[in-house]
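Colleague: One structure is given below, represented as structure tokens, and several questions about it will come after.
The values are calculated or read from the model by the stated rules, or taken from the named source; none is laboratory data. Just so we're clear, the structure is a prediction, and the values are computed from it rather than from any experiment. A quick note on method: Cβ atoms are made from the backbone with ideal geometry, for glycine too, and the neighbour counts reach across all protein chains shown.
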Amino acid sequence: MERIKNATLKQSFFIITVSFLFVGILLGIASFIGCLVLREKLFASGNTIIEFGDTSSGSISVHAAEMQNDWPLMVLSLLQAALPILFAVVSLLAADIVFYKIKLKRPIDILKNSAERIRHQDLDFTVVKHSNDELGELSTAFETMRAELLKNNRSLWAQMEERKRLNAAFSHDLRNPVTVLKGSAKLLQKKIEQEKPTDTKIADITDLILQYSRRVETYVEAMTNAQKLEEMKYSPSLILWPAFSDNLKDSLSILCSGTDKKISFSFHGTAKQLWADRHIILNTAENLIYNAIRYAKDSVSVDIYVENTKLLLIVSDDGPGFSPLILQKGAAPFLRDDTAVGQEHFGMGLYVCRLMCEKHGGSLALENTSSGAKATAIFSLSKN
């Protein structure tokens, strides 16, 4: 039975059908022979001669067959022809029933129940592989599909939660500039209604309104960029690493051209070509180096390691390092600390880098060293 269970559908159907048909043929042969024997016995008993009177003076004899009906012989003849056919048909029907119960019923119930649960968006289960035949492979395919759907749903749920958090942070940080704008506008309106304001007073209020308007505009732009990053797709291509590393070094050096900070590059690895998304790597490197330049005292170092399955981009600076808040919460959006440099910093740089790394199948790690801050961006190198 276990052999039939693990055989293919074609093999199982052949084995079960041949087995039951063989039994049906044997029963048909047995019935045919049995009917033949009974006919012989009835025929023999029907030809017994019965004599009446004295044989010396002449006797009267008749066959017993003439004294009885011939319907038993007719029934046996009919059974002799019909029973083999009947047993063959019954054996085929029995084979079909057994084949369905052994090979089809349980897997079909599993697949039907799985499809019904998936239709109702219930993915927290496992599609059991009942056998190693084609239906077992189909169950494995169903399980793979269910796992991928669950993975995608969890990813969508995580994105939705992240977007809710983004919107909450955005609303919180936007409330203050909007309040100032409204207050300034009301103050200007009141001054105009009550007294003739001086040109200096109007200029001060106007400058305040423009300043906070620019701040609101910056917030909106930051949110728009975050939305675009979430919708961006990972598109790898074959990159010639020596040429790409030279271009990367040249483009990143431009970021330090307007500052007094020194930047050093170090490339490690013997790979000649790799599959990666050029835009994601460049964007992440630019954001990390720009962030390091803002906090560094004198120098920034960039170390790139290329391995078989991943690329490591390590950016270090000699600044004060990441604050405990940054290290605790990681690269969260709109996350700033009290030591943030400049008022136009909205805490999106590291968050953008984290999104980029995750799009590339990697991650972003932040830590402090004895000499300053260190950010490690990891990118997975694959065609998919």
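Colleague: Collect the residues in the range 235-263 that are out of contact with any His (no Cβ under 9 Å at 6 or more places or on another chain), among the polar types (S, T, N, Q) and farther than 15 Å from residue 305 by Cβ, keeping them in residue-number order. Quick ask: steps written out before the conclusion?
Modeller: Step one: list which residues in the range 235-263 are out of contact with any His (no Cβ under 9 Å at 6 or more places or on another chain), which gives 237-263.
Filter once more, so that each one left must be among the polar types (S, T, N, Q): 237, 245, 247, 251, 253, 257, 259.
Hits for the range 235-263 are 237, 247, 251, 253, 257, 259.
Colleague: Go through the residues of the range 274-283 one by one and say whether even a single one is in contact with an Asp or Glu (Cβ under 7 Å, 6 or more places away or on another chain) and at pLDDT below 90. Even if it seems obvious, please write down each step before you answer.
Modeller: From the range 274-283, those in contact with an Asp or Glu (Cβ under 7 Å, 6 or more places away or on another chain) are none; that's our starting set.
Checked the range 274-283: no residue is in contact with an Asp or Glu (Cβ under 7 Å, 6 or more places away or on another chain) and at pLDDT below 90.
Colleague: Does residue 251 meet the test of being part of a strand (DSSP E or B), small (Gly, Ala, Ser) and either assigned by TED's automatic domain parsing to the domain that holds residue 349 or over 18 Å from residue 376 (Cβ atoms) (or both)? Spell out the reasoning first.
Modeller: Working: part of a strand (DSSP E or B): no; small (Gly, Ala, Ser): yes; either assigned by TED's automatic domain parsing to the domain that holds residue 349 or over 18 Å from residue 376 (Cβ atoms) (or both): yes.
In short, no.
Colleague: Where residues in the range 57-85 are exposed (fewer than 15 other Cβ atoms within 10 Å of the Cβ) and at pLDDT 80 or above, which of them is nearest to residue 7 (Cα to Cα)? If you could, list the steps in order and put the result at the bottom.
Modeller: Restricting attention to the range 57-85, the residues satisfying the condition of being exposed (fewer than 15 other Cβ atoms within 10 Å of the Cβ) are 57-64, 66-72, 74-75, 77-78, 81-82, 85.
This time we only want the ones that are at pLDDT 80 or above, so: 74-75, 77-78, 81-82, 85.
On the way: 74: 47, 75: 44, 77: 42, 78: 41, 81: 36, 82: 35, 85: 30 Å.
Once the filter is applied, the top-ranked residue is 85.
Colleague: Further question on the same structure: Go through (1) closer than 19 Å to residue 289 by Cβ; (2) at pLDDT 85 or above for residue 349 and report which single condition fails.
Modeller: (2)
Colleague: Are there any strands (runs of 3 or more DSSP E) wholly within the range 262-315 with 3 or more residues that are in contact (Cβ under 8 Å) with a residue 60 or more places away in the chain, and if so which? Please lay out each step first, then the result.
Modeller: Numbers: elements: 262-268, 273-276, 299-306.
Those strands (runs of 3 or more DSSP E) span 273-276.
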